[in-house]
Protein chains: 2
Amino acid sequence: MEVQIAVAKVNKYATSESGDTLEVVERPNGGLSVVLADGQTSGRGAKAISQMVVRKVIGLLAEGVRDGAAARAASDALFTEKQGKVISTLNIASLDLRSETIVLTQNNPEPMFICRGEQIDCLDEESIPLGTSRNVRPLITELPIEPGLIVVIYTDGLTHAGKRRGLPMDIAATLRSVLEDQDPSPQTLADTLLAQAVSLDENRPADDISVLVVKVTSRVGDHVRRMTVRLPIEGVWR
Amino acid sequence: MEVQIAVAKVNKYATSESGDTLEVVERPNGGLSVVLADGQTSGRGAKAISQMVVRKVIGLLAEGVRDGAAARAASDALFTEKQGKVISTLNIASLDLRSETIVLTQNNPEPMFICRGEQIDCLDEESIPLGTSRNVRPLITELPIEPGLIVVIYTDGLTHAGKRRGLPMDIAATLRSVLEDQDPSPQTLADTLLAQAVSLDENRPADDISVLVVKVTSRVGDHVRRMTVRLPIEGVWR
């Protein structure tokens, strides 16, 4: 099998920094974790918050702390520093090779989508951002790593897209239309969702938008880990 | 323009952990840094060392510390802990959007290659690994970000490949043959170098091998940052 992770990320129009921070860290007991945070508001202040949250979580995960405990620690640190005045969402998607599961940790009111074949499930249980109070608990979902599994995670920029024009996005419908294609790559899924949101915002995103897709494939090939990063460096958004 | 980064990474045959650690971090003033360390020996001990070095460097870069100072700090920390008994190589490739340069920091006896069109330069100045003494200085190379620039960085597994059979790898020749193709992607470059090394080792890599390629293209497209990670999760190497 191969686990493939794809990210597509864009800044709010005319801002030079995204309030969303996404990083990947290797887990000390095998596998890796993708950590995504969206700091309240946008621009430099939001960036500082989401970076602080991601740094905290990644540092703990690298030490072997479990995902849920890392999320609670980041929430406590943020609440202690900001006294509930600044909050941040958090999503952690971990490939845990020891338990052979994907562990999804969520402190984000935005739901996640879990797709298997043509079945699309929306996980929209109540989930509270970090830093809101002393006792923030993450939602934890654990799924066996099996071919065909697709997980879609995003920040609220995706659902806000088009709203100011009264044309909100139907994420499930977009997912369904892409999944009807022949076995889309996770990058195709992420790119399509992001492109539709940007288009609904008339190419001027009203908020930072990040889309993260994890896909398990049955691919049997070499044993090479691969990573590609693409960073546009001109234009208004950096 | 777009900066594209590609990584291909494989473990030493029949070991479950790579002594090489590679991570990517966003720079607080814009851009990002790729940090690659190769801890002495292989397996679990080497992993702990290279992870410690990468964690240290990434933590400092995230705080805005300059690359050379971060490398020195990691060296001092390693020397203090291990008294020169354990060393680690380090390479940092940073896209600094403020200075509009690529900053290459090197504490690795393995050279780097800088390619522009058909010109291939090997940067093989003397460079000392971290943790060897109290006064380790990194080699710093700063290059303007311009289309066509390609930087190739690797750990010593690549040059060790084939040596036990008396068939060492000619990295410059392999690079030249790939660059003669129509504008190869950085992933093609990294994959080809790694595949040749693995083949020279008869599909049983004698050491952990990591190849990192940075390419600047003139691509003008959307303003989306993208990342893809592919992680095989079966077989002997994890």
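Coordinate-derived values only; no laboratory data. All values derive from a computational prediction rather than experimental measurement. Note that each Cβ is placed from the backbone with ideal geometry, even for glycine, and that neighbours are counted across all protein chains shown.
Figures for the structure shown
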quantity: Distances in nm from A:L143 to the matching label points in the other copies, shortest first (labels 7 Å along Cα to Cβ); calculated: 4.0
quantity: Förster radius 22 Å - calculated FRET efficiency between A:Q182 and A:E146 (Cβ-Cβ, nearest 0.05); calculated: 0.65
quantity: Cα centre as origin, Lys/Arg/Asp/Glu Cβ charges: segment A:1-119 dipole, Debye; calculated: 400
quantity: Euclidean distance of C-alpha centroids, segment A:1-78 and segment B:104-182, integer Å; calculated: 31
quantity: 7 Å along Cα→Cβ, label-point gaps from A:R164 to other copies, nm, shortest first; calculated: 6.2
quantity: Positive minus negative residues near A:A37 (Lys, Arg vs Asp, Glu; Cβ under 13 Å); calculated: -3
quantity: Helix-only CD estimate at 222 nm, as mean residue ellipticity for chain B, using -39500 (n - 2.57) per DSSP H run (n ≥ 4); calculated: -8500 deg cm²/dmol
quantity: Residue (of A:V198, A:V3, A:A48) at the positive-pole extreme of chain A, dipole from beta-carbon charges; calculated: A:A48
quantity: Convex hull volume of chain B per residue (C-alpha atoms, cubic angstrom); calculated: 124
quantity: Rg(Cα)/(2.2 N^0.38 Å) for segment A:189-233, N = residue count; calculated: 1.59
quantity: Rounded to the nearest 20 debye, dipole of segment A:77-207 from Cβ charges on Lys, Arg, Asp, Glu; calculated: 700
quantity: Simple spin-label estimate for B:N135 and A:R98 in nanometres, 7 Å along Cα-Cβ; calculated: 4.4
quantity: Pairs from A:K47/B:K215; B:K9/B:K85; A:K56/A:K82; A:K9/B:K47; A:K9/A:K85 whose Cα-Cα separation, in the structure shown, is over 19 Å; calculated: A:K47/B:K215; B:K9/B:K85; A:K9/B:K47; A:K9/A:K85
quantity: Magnitude of the charge dipole, chain A, Cβ model with Lys/Arg +1 and Asp/Glu -1, debye to 20; calculated: 820
quantity: Cα gyration tensor shape for segment B:115-172, rounded if a/c is under 1.5, else prolate or oblate; calculated: oblate
quantity: Residue-span extension gain [B:R165 to B:A73] - 0.36 nm each, minus C-alpha spacing; calculated: 29.2 nm
quantity: For the A-to-B rotation axis, chain A residue with nearest beta carbon and its distance in angstrom; calculated: A:T228, 2
quantity: Cβ-defined net charge surrounding B:R226, 12 Å radius [Lys, Arg +1; Asp, Glu -1]; calculated: +1
quantity: Nm distances between copies for B:A69, ranked from closest, using label points 7 Å along Cα→Cβ; calculated: 3.3
quantity: Ellipsoid equivalent to the protein assembly as shown - semi-axes via the Cα gyration tensor, in Å; calculated: 35, 24, 23
quantity: Farthest positive-ward along the protein assembly as shown dipole, Cα basis, beta-carbon charges - from A:S127, A:V229, B:G64; calculated: B:G64
quantity: Kirkwood Rh in Å, taken over segment B:1-136 so that all alpha-carbon pairs contribute; calculated: 15.5
quantity: Nitroxide proxy distance, nm - points 7 Å out along Cα→Cβ at B:R116 and A:A14; calculated: 3.8
quantity: Shape call, segment B:153-208: gyration tensor on alpha carbons, a/c limit 1.5; calculated: prolate
quantity: Cut-off under 5 Å, modelled amide H: who pairs with B:M112 long-range; calculated: B:L123
quantity: Furthest towards positive pole of dipole, A:T174, A:I145, A:L158, structure part segment A:119-177, Cβ charges; calculated: A:L158
quantity: Global geometry of segment B:1-51, whether rounded, prolate or oblate, following the gyration tensor of its Cα atoms and the 1.5 cut on a/c; calculated: oblate
quantity: Label point distance in nm, B:R44-A:V220, each placed 7 Å from Cα along Cα→Cβ; calculated: 3.0
